[in-house]
Amino acid sequence: MSAQNIYDDPVFFAGYTQIPRSRSGLGVVFEWPAFQRLLPTLQHKRVLDLGCGLGYFAREARARGARRVVGVDLSERMLQEARAHTDDAGVSYIRASLEDFEPEAESFDLVVSSLALHYIADYPRLVRRVAACLVPGGRFAFSVEHPIFTAHGSSDWHAGPDGARLHWPMDRYRDEGERRTKWFVDGVVKYHRTVESYVNGLLDAGLILARLEEPEAEPAALAEHPEWQDERRRPPFLLLAADRPR
């Protein structure tokens with residue numbers, strides 16, 4: 001099954017590059033404070049970023065002392081932007097689908113992925129390849145849209161006649177698989193799976209669960225973005241970290 005390359009759709013890309021996380025980077029990302037709690041010290045680490053997008057994390061990792069960073073993404077438009085804003089021989093970008101990319105065994109100390117794995121149909125296979133490319137003691141840290149967010153597939157609140165958000169629709173939680181939704185364009189393909197499947201995929205690959213986060217906005221961020229208050233009514237993101245045994 002070939003991966004959908006929605007980020008190279010010109011209408012989608014134009015919309016995506018206007019959202020705050022695309023324009024302003026990690027400092028305005030809702031889940032970034034929590035994601036940092038998943039990370040080891042980056043000094044001298046070899047880092048693989050799966051679904052690197054515009055390259056914000058790759059550049060941040062190098063600024064924190066990572067020895068080298070390899071970013072992988074299917075979207076040529078995203079990689080063009082990443083390369084244009086990265087002037088660093090310690091960062092390299094590879095165009096490949098995450099389903100097909102096969103890193104060398106025991107070649108990375110840290111593998112990260114930010115909001116990319118819910119686009120992947122075969123999550124267990126990808127996790128096995130991640131586990132194999134980690135050195136003993138290495139870490140895999142990633143974020144995905146929360147299964148409560150993806151289960152129904154509508155990706156939107158149920159609103160009343162006046163437009164007020166009444167509740168988040170949550171149904172078909174156990175029915176894992178493809179969901180088609182609208183985000184900038186129609187027909188965006190994502191894959192719903194349960195929290196159980198996300199966690200057990202790590203354990204089945206021989207990794208040891210290190211941390212699980214369902215982040216909410218930090219108080220300072222909430223004061224700056226009061227619209228994020230609704231995100232406390234249902235978790236938008238699931239963050240996981242797991243280690244390869246030493």
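Observations on the model:
- Between Ser154 and Arg234, the simple spin-label model (points 7 angstrom out along Cα→Cβ) gives 0.8 nm.
- Length added when fully stretched, Ala164-His225, from 0.36 nm per residue minus Cα-Cα: 20.2 nm
- If the chain linking Ser24 and Ala63 were pulled fully straight, counting 0.36 nm for each residue of separation and taking away their Cα-Cα distance, it would gain 12.4 nm.
- Rounded, prolate or oblate (a/c below 1.5 giving rounded, otherwise prolate when a/b exceeds b/c) for segment 169-246 by Cα gyration tensor: oblate
- Model label points for Gln80 and Thr41, set 7 angstrom from Cα along the Cα-to-Cβ axis, are 4.1 nm apart.
- Relative contact order, percent, segment 47-147 [alpha-carbon distance under 8 Å, six or more residues apart]: 28 percent
- Local electrostatic count, Val70, Cβ distance below 9 Å [Lys/Arg +1, Asp/Glu -1]: +1
- For segment 49-120: rounded, prolate or oblate by the Cα gyration tensor [a/c cutoff 1.5]: oblate
Coordinate-derived values only; no laboratory data. All values reported here derive from a predicted model rather than from experimental measurement. Because the Cβ atoms are built from the backbone with ideal geometry, glycine has one as well, and the counts that use them run over all protein chains shown.
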